[in-house]
Every structure is written in C-alpha cells, then in structure tokens.
Amino acid sequence: MIGIVVVSHSSKVAEGICDMVQQISCKDGTKMPIFPAGGNAQGGLGTDPKKVLEAIKKADQGDGVVVLADLGSGVISSQAAIAMLDDEQRARVRIADAPILEGAVGAGVEAAADEESTLDLVIATAEGARQLHKK
C-alpha cells in the first residue's frame, strides 16, 4: 500500500489530518500507513527534516510514499528528508503539489480503495484536489 506523510508546522494539525484520513479511508478497521511530521525539534511551530525522515521510513511499505506539506519550509524540510534516503527508497517518495487536507484525504481514499494503486495515481488524486471549487 502507498504510504502518506503529512508535514505541518503544527504537530496538532499533522496529527489531526492523519486521524481524519484514517477514519475516512479505512472504515473497515484496517490501518493505513499514514504518519504525521509536525512541529519543530523542540515541539514548537516549524518543521524538522529528521521528523519527516522518520515518518517517511514508517510510512514506506515498499510501494511508495506521498508527502504533503502545508507551507514552503515544510516542502524544504521534506526535500531535505528525501535527500537523506538511500537511492532505492528515494525513488519511491514524492511530494504532492496539493492542498494539505484535501490532498491527504484524496490520497488516502485512493490508496485504501485499491491495494494495487500506484504512486502516480495516488499523487494525481492528491493533486486533483486543487481543482475542487467550494461555491
């Protein structure tokens, strides 16, 4: 199954999004490999590449990992974490250009709906959330 990492400047936001995605995508009680990486190393607001790296390693089940980040420095921390991976694992991890909440929900639903889902399809679903209009 494709894993998901939610990177936020707030640990509560990252944890809350992971909890919501878990509840929406896995109604049968199964567990999705989705992990939060929120807050800085001291527990305050910010991001930490080491936290992102640990979350990626936990989320990686061998089929790939989608990373979603809330702000620019979250993307930079995610890029730094991905750079710390070995070549094989790095090839399976991608950052989605998607809104963090809507993208995480879309990615989670897609990944949970079909165990044969591909990293490209989960990324495309997450990024498709940019097109949702709320009128």
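Residues of segment 74-96 that are in a helix (DSSP H, G or I), farther than 12 Å from THR47 by Cα and of a type in the set (Gly, Ala, Ser): ALA83 alone. Residue-level check: of (1) over 21 Å from GLY39 (Cβ atoms); (2) in a helix (DSSP H, G or I), LYS50 misses just (1).
crowded, with 23+ Cβ neighbours inside 10 Å and either closer than 23 Å to MET20 by Cβ or touching a residue at least 24 places away in the same chain (Cβ under 8 Å) (or both), is that true of ALA81? In short, yes. Going by the structure shown, is ASP87 charged (D, E, K, R), in contact with a helix residue (DSSP H, G or I) (Cβ under 6 Å, 6 or more places away or on another chain) and free of Cβ contacts under 8 Å to residues at least 60 places away in the same chain? Considered against the rule, which asks whether it is charged (D, E, K, R), in contact with a helix residue (DSSP H, G or I) (Cβ under 6 Å, 6 or more places away or on another chain) and free of Cβ contacts under 8 Å to residues at least 60 places away in the same chain, ASP87 comes out as no.
Restricted to segment 5-32, and to residues there that are modelled with pLDDT under 95 and in a loop (DSSP other than H, G, I, E, B), the residue that is surrounded by the most Cβ atoms within 10 Å (Cβ to Cβ) is MET32.
Taken together, GLY38, GLY72, GLY64 contain a single residue that is of a type in the set (Gly, Ala, Ser) and in contact with a Leu (Cβ under 6 Å, 6 or more places away or on another chain), which is GLY64.
Residue-level check: of (1) crowded, with 20+ Cβ neighbours inside 10 Å; (2) under 18 Å from MET32 (Cα atoms); (3) of a type in the set (S, T, N, Q), SER117 misses just (1).
The values are calculated or read from the model by the stated rules, or taken from the named source; none is laboratory data. Keep in mind the model is a prediction, meaning the values are calculated, not measured. So basically every Cβ, Gly included, is an ideal-geometry build from the backbone, and we count neighbours across all protein chains shown.
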